[in-house]
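Asks: Supplied in structure tokens, the structure appears directly below.
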Amino acid sequence: MVANQPEKEHPMPAFGLAARDPSGVLSPFNFSRRATGEKDVKFKVMYCGICHSDLHMIKNEWGTSTYPLVPGHEIVGEVTEVGRQVEKFKVGDRVGVGCMVGSCRSCDNCSNGVENYCPKMILTYAGTYHDGTITYGGYSDVMVCDEHFVVRVPDALPLDAAAPLLCAGITLYSPLRYYGLDKPGIHVGVVGLGGLGHVGVKFAKAMGAKVTVISTSPAKKQEAIERHGADSFLVSRDQEQMQAAMGTLDGIIDTVSAVHPIMPLIGLLKTHGKLVLVGAPEKPLELPVFPLLMGRKIVGGSCIGGMKETQEMLDFAAKHNITADIEVISADYVNTAMQRLEKGDVKYRFVIDVANTLQQA
Amino acid sequence: MAKSPETEHPQKAFGWAARDSSGVLSPFNFSRRENGDEDVTIKIHFCGICHSDLHAIKNEWGFAHYPMVPGHEIVGIVMKSGKNVEKFREGDRVGVGVMVGSCMSCDYCNQDLENYCPKMIFTYNSVYHDGTANYGGYSDMIVVDQHFVVRFPDTMPFDAGAPLLCAGVTVYSPMKYYGMTEPGKHLGIVGLGGLGHVAVKIAKAFGLKVTVISHSPGKETEAVDRLGADGFLVSSDPLKIKAAFGSMDYIIDTVSSVHALTPLLALLKPNGKLITLGLPDKPLELPMFPLVLGRKLVGGSDIGGMKETQEMLDFCAKHSITADVEVISMDQVNVAMARLAKSDVRYRFVIDVANSLSK
């Protein structure tokens, strides 16, 4: 059987950066995109955020990666062509694509605007599209995407700082709404102050919450409060601080993807409190059942958000001047960026300046 | 010098108590407080044996105080009612469940959620407002604040209704709170014991489709033919479990031993809810991928408030729901506990206190 040759499988040439194997090293990659279909939007990629998931995927840490792998699901750019049946977008529009590029469009989840929970949801990269070909993400010069999975980036948002909202933003916005943690005056905890956490603080503050950041790094306290607007900061390894804060939070969004104890977090919750995990540790966590029952508390999860909600999130961000704090890098810096990301050495998202720096050799 | 259980209060009482963590119950003379202005004194007719009683008498949760008179599924007749008691009079059929007190002033108490009051007082193995030990329903009489007494519906038999006071409200409350009452939705019930079998009946009364998940294949006929479940899955049958993946809107998990949550989470549809009611003595393993990828949640629930307990009893009376019980005499209680430890009961033992408790 002849393997798909990425350069030849579609009619339109494309260029990007791909990982070739679980070393995760990214290198120039010639491939191709499908012709712009009737419902497709084609856009020139201007910027793409580096999500921590990209790092997990290039190294095959979840066991689901196929190579060559072009990561990137925080993609923004300008429309260059639209298919005949496209109604929402025109050439020149500022648009974005997040973590999904397809779904079944007919199940209950799709009908209810939560395509992200469709069992046949198609990931923006390392997924398999309806035509059987592998999807390639936004570390590339051009994207072709079904208009249903494209969002408009409001004019008020700068493209580069808006890019991370397409994954980090919706990943925090959606559970704040779904789990009812968006009411003014409630007290929300955010665990982890990285790409997800810092955006979470901004959204929660804009929704009127009192926000406490919970982190293992005391060094992040000043930034959390002075730069991101958190009301307070708890060092999770400090038993006294954690004890004093028990039973004070209505909800917690936990962005940490490493295995960690959740019992102390459950203890921070008030009765009827909710612990929501958006990072997914690969090993099971220990769930202490007594506190769950005695306080009628819940532990839930959340994964990005549906398309309607993603647009709503961007519009909300525009209204409240919320963007990610970013470090813009050139395409040739990407492997160094990945190494720094692994050590948490970034404030708080790398964004690749694709349009200006991604060039064929 | 502390007073003895027999002398610390003015009303003489008699029951059976565990003396230590062997859990063996034996006759016990003690006393109850004078019937206060807010109190009712109840002659106990029946008391259900809840699995929690077994955990408690053996100190499996680590906070036992002995001597311990268990029992929190108590039904009986009012003998005395205090000056300020308007809801009950002598001769009324009443019940007492898992709580006998709370602070009565916090937000939770004010919202009929006494069960979540930080100062909630359990019916037994606890300390009352006056600092004395509380003794439960394996005894001849009990004195309780009227707020924590419920009226027992006339149409409901005492013996078969007693277990509703814990088992009934323990499953009814989360069904309401977590929105598991939409007719036609699919509920999975894990464990077909005291809680599980009542959950099947209440769920069917709400119009739900019900699948029982159990490790005992022998329970299928009972579950489907007698209790009215629509389906039955043996938890150790991986093929059948896999075939049912993503089919349930909610699951109520009544199992109190440590067990795997992964297959249960897989049975849920996206946005599904797994509510756990059992109290294992060690933490459970919670896999995060299914929670995150499917926006599923695991929640807890603990009995129900007083208003809800009354509502549950009235609901059960209306739908002719009672527990399936094996009535025993008081002197058989240790044998019953040994059988309960092996889940050898269909599905609740109930002690015929009035007829069999004798000094």
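Asks: Just for region A:94-135: of the residues that are among the hydroxyl-bearing types (Ser, Thr, Tyr) and part of a loop (DSSP other than H, G, I, E, B), which one is farthest from the other protein chains (Cβ to nearest Cβ)?
Replies: A:THR133
Asks: Among the residues of region B:1-20, count how many are outside any loop (DSSP other than H, G, I, E, B), aliphatic (A, V, I, L, M) and over 23 Å from the mean Cα position of the chain (by Cα). Spell out how you get there, then give the answer.
Replies: Just the residues of region B:1-20 that are outside any loop (DSSP other than H, G, I, E, B), to begin with: B:11-18.
The next check asks that each one be aliphatic (A, V, I, L, M); those that pass are B:13, B:17-18.
From the residues that got through so far, the ones that are over 23 Å from the mean Cα position of the chain (by Cα) too are B:13.
Selection size over region B:1-20: 1.
Asks: Mind counting the residues in region A:236-247 that are surrounded by fewer than 17 Cβ atoms within 10 Å (Cβ to Cβ) and in contact with a strand residue (DSSP E or B) (Cβ under 7 Å, 6 or more places away or on another chain)?
Replies: Here is the first cut: in region A:236-247, the ones surrounded by fewer than 17 Cβ atoms within 10 Å (Cβ to Cβ) are A:237-241, A:243-244, A:246-247.
Going one step further and asking which of them are in contact with a strand residue (DSSP E or B) (Cβ under 7 Å, 6 or more places away or on another chain), we end up with A:241, A:247.
Adding up the residues that qualify gives 2.
Asks: Right, something else. Specify the residue that is most open to solvent (accessible area, probe 1.4 Å); the eligible residues are those in region B:328-353 that are among the polar types (S, T, N, Q) and free of Cβ contacts under 8 Å to residues at least 40 places away in the same chain.
Replies: Keep residues of region B:328-353 that are among the polar types (S, T, N, Q), which gives B:329, B:332, B:334, B:343.
Then keep just the ones that are free of Cβ contacts under 8 Å to residues at least 40 places away in the same chain; that gives B:329, B:332.
On the way: B:SER329: 34, B:GLN332: 88 Å².
So the residue we want is B:GLN332.
Asks: Could I ask something else about it? Against the condition surrounded by fewer than 24 Cβ atoms within 10 Å (Cβ to Cβ), closer than 25 Å to A:VAL328 by Cβ and among the β-branched types (Val, Ile, Thr), how does A:VAL153 come out, does it pass? Don't jump to the end; show me each part of the working.
Replies: Values: surrounded by fewer than 24 Cβ atoms within 10 Å (Cβ to Cβ): no; closer than 25 Å to A:VAL328 by Cβ: yes; among the β-branched types (Val, Ile, Thr): yes.
In short, no.
Asks: Just for region B:278-297: of the residues that are more than 7 Å from chain A (Cβ to nearest Cβ) and closer than 29 Å to B:ALA56 by Cα, which one is least open to solvent (accessible area, probe 1.4 Å)? Spell out how you get there, then give the answer.
Replies: Within region B:278-297, the subset more than 7 Å from chain A (Cβ to nearest Cβ) is B:278, B:281-282, B:290.
Those left that are additionally closer than 29 Å to B:ALA56 by Cα: B:278, B:281-282.
Working: B:GLY278: 5, B:ASP281: 100, B:LYS282: 125 Å².
Here the residue is B:GLY278.
Asks: May I pose another question? Go through (1) small (Gly, Ala, Ser); (2) out of contact with any helix residue (DSSP H, G or I) (no Cβ under 7 Å at 6 or more places or on another chain); (3) at the interface with another protein chain (Cβ under 10 Å from one of its Cβ atoms) for B:GLY300 and report which single condition fails.
Replies: Unmet for B:GLY300, out of (1) small (Gly, Ala, Ser); (2) out of contact with any helix residue (DSSP H, G or I) (no Cβ under 7 Å at 6 or more places or on another chain); (3) at the interface with another protein chain (Cβ under 10 Å from one of its Cβ atoms): (2).
Asks: Hey, another quick one. List every residue pair whose Cβ atoms lie under 9 Å apart, where the two residues are 6 or more positions apart in sequence or sit on different chains, the first residue falls within region A:280-293 and is more than 7 Å from chain B (Cβ to nearest Cβ) and farther than 24 Å from A:GLY63 by Cβ, and the second residue, located anywhere, is open to solvent by less than 10 Å² (accessible area, probe 1.4 Å) and not aliphatic (A, V, I, L, M).
Replies: A:PRO291/B:GLY300
Asks: From A:VAL299, A:VAL328, grab the single residue that is at negative phi, modelled with pLDDT of 95 or more and either open to solvent by less than 40 Å² (accessible area, probe 1.4 Å) or at the interface with another protein chain (Cβ under 8 Å from one of its Cβ atoms) (or both).
Replies: Of A:VAL299, A:VAL328, the one residue that is at negative phi, modelled with pLDDT of 95 or more and either open to solvent by less than 40 Å² (accessible area, probe 1.4 Å) or at the interface with another protein chain (Cβ under 8 Å from one of its Cβ atoms) (or both) is A:VAL299.
Asks: Can you find even one residue in region B:132-143 that is assigned to a loop (DSSP other than H, G, I, E, B), more than 23 Å from B:GLY82 (Cβ to Cβ), in contact with a Ser or Thr (Cβ under 9 Å, 6 or more places away or on another chain) and touching a residue at least 12 places away in the same chain (Cβ under 8 Å)?
Replies: Let us first name the residues in region B:132-143 that are assigned to a loop (DSSP other than H, G, I, E, B), namely B:132, B:134-138, B:140.
Those left that are additionally more than 23 Å from B:GLY82 (Cβ to Cβ): B:138.
Restricting the remaining residues to those that are in contact with a Ser or Thr (Cβ under 9 Å, 6 or more places away or on another chain) gives none.
Scanning region B:132-143, I find no residue that is assigned to a loop (DSSP other than H, G, I, E, B), more than 23 Å from B:GLY82 (Cβ to Cβ), in contact with a Ser or Thr (Cβ under 9 Å, 6 or more places away or on another chain) and touching a residue at least 12 places away in the same chain (Cβ under 8 Å), so the answer is no.
Asks: While we're looking at this one, here's another question. From (1) surrounded by fewer than 19 Cβ atoms within 10 Å (Cβ to Cβ); (2) more than 14 Å from every other protein chain (Cβ to nearest Cβ); (3) within 21 Å of the chain's Cα centre (by Cα), pick out the condition that doesn't hold for A:ALA258.
Replies: Checking A:ALA258 against (1) surrounded by fewer than 19 Cβ atoms within 10 Å (Cβ to Cβ); (2) more than 14 Å from every other protein chain (Cβ to nearest Cβ); (3) within 21 Å of the chain's Cα centre (by Cα), the one that fails is (2).
Asks: With respect to the numbered conditions (1) open to solvent by 50 Å² or more (accessible area, probe 1.4 Å); (2) within 14 Å of another protein chain (Cβ to nearest Cβ); (3) small (Gly, Ala, Ser), which one is the sole condition not fulfilled by B:SER21?
Replies: Condition not satisfied by B:SER21: (2).
Asks: Among the candidates A:LEU234, A:LEU277, which residue alone is among the aliphatic types (A, V, I, L, M) and farther than 17 Å from A:THR171 by Cβ? Even if it seems obvious, please write down each step before you answer.
Replies: Values: A:LEU277 fails: farther than 17 Å from A:THR171 by Cβ.
After ruling out the rest, the residue left standing is A:LEU234.
Asks: For B:VAL325, indicate whether it is more than 14 Å from chain A (Cβ to nearest Cβ), without any contact (Cβ under 8 Å) to a residue 40 or more places away in the chain, among the β-branched types (Val, Ile, Thr) and within 23 Å of B:HIS45 (Cβ to Cβ). Steps first, please.
Replies: Values: more than 14 Å from chain A (Cβ to nearest Cβ): yes; without any contact (Cβ under 8 Å) to a residue 40 or more places away in the chain: no; among the β-branched types (Val, Ile, Thr): yes; within 23 Å of B:HIS45 (Cβ to Cβ): yes.
Answer is no for this residue.
Asks: Taking B:GLY82 as the residue in question, decide whether it is farther than 12 Å from B:TYR138 by Cα, touching a residue at least 12 places away in the same chain (Cβ under 8 Å) and loosely packed, with under 15 Cβ neighbours inside 10 Å. It would help to see each step written out before you state the result.
Replies: On the way: farther than 12 Å from B:TYR138 by Cα: yes; touching a residue at least 12 places away in the same chain (Cβ under 8 Å): yes; loosely packed, with under 15 Cβ neighbours inside 10 Å: no.
Here the answer is no, as B:GLY82 does not meet what is asked.
Asks: For A:PRO264, all conditions in the list (1) in contact with a helix residue (DSSP H, G or I) (Cβ under 7 Å, 6 or more places away or on another chain); (2) more than 10 Å from chain B (Cβ to nearest Cβ); (3) open to solvent by 20 Å² or more (accessible area, probe 1.4 Å); (4) farther than 30 Å from A:TRP62 by Cβ hold save one; what is the number of the exception?
Replies: (4)
Results for (1) modelled with pLDDT of 95 or more; (2) within 21 Å of B:LEU313 (Cβ to Cβ); (3) crowded, with 17+ Cβ neighbours inside 10 Å, shown as yes or no for each residue.
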{"residue": "B:GLU6", "(1), (2), (3)": "no, no, no"}
{"residue": "B:GLY15", "(1), (2), (3)": "yes, no, yes"}
{"residue": "B:SER31", "(1), (2), (3)": "yes, no, yes"}
{"residue": "B:MET68", "(1), (2), (3)": "yes, no, yes"}
{"residue": "B:GLY76", "(1), (2), (3)": "yes, yes, yes"}
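Asks: Can you spot a residue in region B:258-269 that is within 7 Å of another protein chain (Cβ to nearest Cβ), touching a residue at least 12 places away in the same chain (Cβ under 8 Å) and surrounded by fewer than 22 Cβ atoms within 10 Å (Cβ to Cβ)?
Replies: If we filter region B:258-269 for residues that are within 7 Å of another protein chain (Cβ to nearest Cβ), which is where we start, we get none.
No: zero hits.
Asks: So A:GLY138 passes all but one of these: (1) over 16 Å from the mean Cα position of the chain (by Cα); (2) in a loop (DSSP other than H, G, I, E, B); (3) within 30 Å of B:PRO290 (Cα to Cα). Which condition number does it fail?
Replies: For A:GLY138, the exception is condition (1).
Asks: Can you find even one residue in region A:29-42 that is hydroxyl-bearing (Ser, Thr, Tyr) and in a loop (DSSP other than H, G, I, E, B)?
Replies: Initial filter on region A:29-42 (hydroxyl-bearing (Ser, Thr, Tyr)): A:32, A:36.
Adding the requirement that they be in a loop (DSSP other than H, G, I, E, B) leaves A:36.
Scanning region A:29-42 turns up at least one residue that is hydroxyl-bearing (Ser, Thr, Tyr) and in a loop (DSSP other than H, G, I, E, B).
Asks: Please go through region B:182-211 and give me each residue that is more than 22 Å from B:GLU73 (Cβ to Cβ) and open to solvent by less than 10 Å² (accessible area, probe 1.4 Å), ordered by number.
Replies: Result: B:LEU187, B:GLY188, B:LEU208, B:VAL210.
Asks: Just to be sure before I move on: is B:HIS147 away from chain A (no Cβ under 14 Å), assigned to a loop (DSSP other than H, G, I, E, B) and open to solvent by 20 Å² or more (accessible area, probe 1.4 Å) in the structure I sent? Even if it seems obvious, please write down each step before you answer.
Replies: Details: away from chain A (no Cβ under 14 Å): yes; assigned to a loop (DSSP other than H, G, I, E, B): no; open to solvent by 20 Å² or more (accessible area, probe 1.4 Å): yes.
No.
Asks: Which of (1) touching a residue at least 24 places away in the same chain (Cβ under 8 Å); (2) open to solvent by 10 Å² or more (accessible area, probe 1.4 Å); (3) more than 14 Å from chain B (Cβ to nearest Cβ); (4) of a type in the set (A, V, I, L, M) does A:VAL91 not meet, given it meets every other one?
Replies: If we test A:VAL91 against (1) touching a residue at least 24 places away in the same chain (Cβ under 8 Å); (2) open to solvent by 10 Å² or more (accessible area, probe 1.4 Å); (3) more than 14 Å from chain B (Cβ to nearest Cβ); (4) of a type in the set (A, V, I, L, M), just (1) comes out false.
The values are calculated or read from the model by the stated rules, or taken from the named source; none is laboratory data. Note that the structure is predicted; figures quoted are calculated from it, not measured. Using ideal geometry, Cβ is built from the backbone for each residue, glycine included, and neighbour counts are taken over all protein chains shown. Heavy atoms of the whole protein, side chains included, go into the accessibility calculation; ligands, DNA and RNA do not. Shrake-Rupley method; radii C 1.70, N 1.55, O 1.52, S 1.80 Å.
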